[in-house]
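Participant: Below is one structure. I have some questions about it.
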Amino acid sequence: MLVPWDVTIADGERKPIEEVLAEFWDERAGILNWLIEGALVYLADGLKVPHAIADATAEYREENYTATEATLIAYKNLTTC
């Protein structure tokens, strides 16, 4: 899967990593709750790939598909029969 990242943070708006980690530390209880909630949704419903990610992945594969990949896919198909 390819996750598109269309945001660029300007140099003047970037925070030092220590500051970012301190913010994460301050929010650790909420982050843990968010993680648990997401895990429960995943266990109940499975992974649902958003359309933007599926589209970006398909576009990337279409633009970057090579003969090597075709050969590897063909080999894999032959060895799993």
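Participant: What Kirkwood hydrodynamic radius, in Å, does the chain give when the mean of 1/r is taken over all pairs of distinct Cα atoms and then inverted?
Facilitator: 17.2
Participant: Which GluC sites (Glu not before Pro) from the chain combine a DSSP loop assignment with at most 12 other Cβ atoms within 10 Å?
Facilitator: Those that pass, being in a loop and sparsely packed, are 27.
Participant: Which residue fluctuates the most in the chain, going by a Gaussian network model with Cα springs under 10 Å, if the choices are 46, 30, 12?
Facilitator: Looking only at 46, 30, 12, the largest GNM fluctuation is found for 12.
Participant: Provide the FRET efficiency to the nearest 0.05 for the residue 74-residue 43 pair, computing r from the beta carbons and using R0 = 41 Å.
Facilitator: Efficiency for this residue pair is about 0.70.
Participant: So what's the angle, to the nearest 10 degrees on a 0 to 90 scale, between helix 17-26 and the longest Cα principal axis of the chain?
Facilitator: Roughly 70 degrees between the two axes.
Participant: Also, quick follow-up: If you line up the long axis of helix 51-64 against the longest principal axis of the chain, both from Cα atoms, how many degrees apart are they, to the nearest 10?
Facilitator: So the inclination is approximately 50 degrees.
Participant: Hey, what number do you get for the chain at 222 nm if only DSSP H runs of n ≥ 4 count, each worth -39500 (n - 2.57), divided across all residues, to the nearest 500?
Facilitator: -22000 deg cm²/dmol
Bear in mind these aren't lab numbers, they're just calculated from the coordinates by the rules spelled out. Note that the structure is predicted; figures quoted are calculated from it, not measured. With ideal geometry, Cβ positions are generated from the backbone for all residues, glycine too; neighbour counts draw on all protein chains shown.
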